[in-house]
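Step one of this worksheet: look at the structure below.
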Amino acid sequence: MPNYQKVESTDIEIGAPLQKALYDKNGILLIKAGGIIASESHLSILFEKEIFCEGSEDANTWISPPTDQITEATNTFSALDNAKIKLNRAFDLFRRGKAKEEFLPRIKEIALSLQQACLHDKDAAIANLHLDYDTPYAVVHHLQAAILCEIVGKRLGVKEEARLKLVQAALTHDIDLLDIQHLLDRYTLPLPNQYAERIRNHPKASAKALQELGVTDKNWLDAVEHHHERLDGSGYSDSLAGDSIRIPTRILAIADIYSAMIRDRPNRKAILTKEALRKLMMDHGGKNDARLTQILIKEIGVFPSGVIVQLADKEIAVVKHREENGVFPIVYAFIDPSGNPMLTPERRDTAKPENKIKSILPFADYRGSIAIIRNLWINPPA
């Protein structure tokens, strides 16, 4: 490969857009210029084999790609990878007591990027988080709740500035637990009393921490303080009920419940997305807002983007994007009916009987295919 130069893993900055496309030793494109490697695990998977980029007169110079090489879908998916890194850094500042004047501007920047990502391609934004099991739970959970708040709020007609405050509330709703989250992520036994008490008090403590950082917006603080309240009065910390729970708070509550249900936790496995949505609907009579639950289901679909499904012919596929009715999404098969990985994922129309979706499958069972799956968004098929 005389026109290519070898790339080492140390040449790659995690979270930064690639300035050159990456190829395998046969010249097959792996990731376009502008794509992002989001984590150490992604980097290690990629560099299990030799990786190359196009050479230049100065081998140490990586030339920036033309912006027209980067599609909206790529921007959206990559924006979520960037948001994970930025939110993790912001949380680290908070944990170390060094947030001060930096924390809130960082949260606002992330919130604005999420709004922009949803504007470009909300399916790609949703997919990114459904396909992530490497980023810390606290980061993905907060981002997922924020994305859902933006989507539901926009469908309700909430003005952009008010939605921005709600998205920021979602990004910060559990910050009081950040210092013990690493312990909660490993605890399989009943929690000791001190941790159970922290969880019970974290909505109020999180709101107080935000006030100390300078948050004055009432909707933001109220959503954080009361996101565990339920319409029937069964929630905490103030046992609010009915109309005393404000609309932004109800939106965050539903987003928080859904996001928590679909992630693996130490004491339980993740609930499949369809089952999580069904549980929300079953609970809405007494606990959750029925209208908001229906909006959430309509906006993300019964088969959300990024979900792994089995087709009628036994192929395994990932949902790429939804059609208007959401019942027959476009998917890409990556494992054939015999259970063998496919060299290149192939598009399937689930409206056809042979491609009908039979069931949703746990993503954890197909993590070995993550690089191939993610590449559907990083380098969208023609």
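The values are calculated or read from the model by the stated rules, or taken from the named source; none is laboratory data. Since the model is a prediction, treat every value here as computed from it, not as a measurement. In this analysis, Cβ positions are derived from the backbone assuming ideal geometry, glycine residues included, and neighbour counts consider all displayed protein chains.
Go over the candidates Asn267, Asn288 one by one and state the one that is surrounded by fewer than 17 Cβ atoms within 10 Å (Cβ to Cβ) and in contact (Cβ under 8 Å) with a residue 24 or more places away in the chain.
Working: Asn288 fails: surrounded by fewer than 17 Cβ atoms within 10 Å (Cβ to Cβ).
Asn267 is the lone residue from the list that is surrounded by fewer than 17 Cβ atoms within 10 Å (Cβ to Cβ) and in contact (Cβ under 8 Å) with a residue 24 or more places away in the chain.
Condition check ((1) surrounded by fewer than 20 Cβ atoms within 10 Å (Cβ to Cβ); (2) under 25 Å from the mean Cα position of the chain (by Cα)) across all residues:
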| site | (1), (2) |
| --- | --- |
| Gln194 | yes, no |
| Ile199 | yes, yes |
| Ser206 | no, yes |
| Gly214 | yes, no |
| Arg246 | yes, no |
| Ile251 | no, yes |
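Just to be sure before I move on: is Thr293 modelled with pLDDT of 90 or more, under 22 Å from His130 (Cα atoms), more than 17 Å from the chain's Cα centre (by Cα) and not in a loop (DSSP other than H, G, I, E, B) in the structure I sent?
Numbers: modelled with pLDDT of 90 or more: yes; under 22 Å from His130 (Cα atoms): yes; more than 17 Å from the chain's Cα centre (by Cα): yes; not in a loop (DSSP other than H, G, I, E, B): yes.
Yes: the conditions hold for Thr293.
Looking for whichever is at pLDDT 65 or above and polar (S, T, N, Q) here; the options are Ser9, Ser56. Which one fits?
Values: Ser56 fails: at pLDDT 65 or above.
Just one listed residue meets the conditions, Ser9.
Yes or no: Gly235 surrounded by 14 or more Cβ atoms within 10 Å (Cβ to Cβ), out of contact with any Lys or Arg (no Cβ under 6 Å at 6 or more places or on another chain) and either without any contact (Cβ under 8 Å) to a residue 60 or more places away in the chain or aromatic (Phe, Trp, Tyr) (or both)?
Here the answer is yes, as Gly235 does meet what is asked.
Is it true that some residue in the range 350-361 is within 30 Å of Ala16 (Cα to Cα) and either modelled with pLDDT under 95 or not in a loop (DSSP other than H, G, I, E, B) (or both)? So that I can check it myself, show each step before the final result.
Within the range 350-361, the first condition is being within 30 Å of Ala16 (Cα to Cα), and the residues that meet it are none.
Scanning the range 350-361 turns up no residue that is within 30 Å of Ala16 (Cα to Cα) and either modelled with pLDDT under 95 or not in a loop (DSSP other than H, G, I, E, B) (or both).
Among (1) in contact (Cβ under 8 Å) with a residue 12 or more places away in the chain; (2) in a helix (DSSP H, G or I); (3) farther than 19 Å from Ala146 by Cα, there is one condition Arg278 misses while meeting the rest; what is its number?
Looking at each condition in turn, Arg278 falls short on (1).
Which condition does Lys358 not pass, out of (1) touching a residue at least 40 places away in the same chain (Cβ under 8 Å); (2) over 24 Å from Lys269 (Cα atoms); (3) among the basic types (Lys, Arg), if it passes all the others?
(2)
Scan the range 175-192 for residues that are closer than 20 Å to Arg268 by Cα and in a helix (DSSP H, G or I) and report the count. I'd like the intermediate steps shown before the answer.
So the first thing to find is which residues in the range 175-192 are closer than 20 Å to Arg268 by Cα, and the list is 177, 180-192.
Next cut, in a helix (DSSP H, G or I) only: 177, 181-184.
Qualifying residue count for the region: 5.
Only one of Arg230, Arg250 is assigned by TED's automatic domain parsing to the domain that holds His142, in a loop (DSSP other than H, G, I, E, B) and either touching a residue at least 60 places away in the same chain (Cβ under 8 Å) or over 22 Å from Asn88 (Cβ atoms) (or both). Can you tell me which? It would help to see each step written out before you state the result.
Details: Arg250 fails: in a loop (DSSP other than H, G, I, E, B).
Just a single option satisfies the conditions, and that option is Arg230.
Mind counting the residues in the range 209-224 that are more than 18 Å from Val158 (Cα to Cα) and free of Cβ contacts under 8 Å to residues at least 24 places away in the same chain?
The number of residues fulfilling the criteria is 3.
Of the residues Val327, Val302, Val307, which is modelled with pLDDT of 95 or more and of a type in the set (A, V, I, L, M)? Before the answer, list the steps.
Working: Val327 fails: modelled with pLDDT of 95 or more; Val302 fails: modelled with pLDDT of 95 or more.
On inspection, the qualifying residue turns out to be Val307.
Regarding Asp185, is this residue in the same structural domain as Lys86 (by TED's automatic domain parsing) and surrounded by fewer than 22 Cβ atoms within 10 Å (Cβ to Cβ)? So that I can check it myself, show each step before the final result.
Values: in the same structural domain as Lys86 (by TED's automatic domain parsing): yes; surrounded by fewer than 22 Cβ atoms within 10 Å (Cβ to Cβ): yes.
The answer is yes for Asp185.
From the list Ala209, Ala255, pick out the single residue that is at pLDDT 95 or above, more than 30 Å from Gly301 (Cα to Cα) and among the small types (Gly, Ala, Ser).
On the way: Ala255 fails: more than 30 Å from Gly301 (Cα to Cα).
None of the other options fit; the residue is Ala209.
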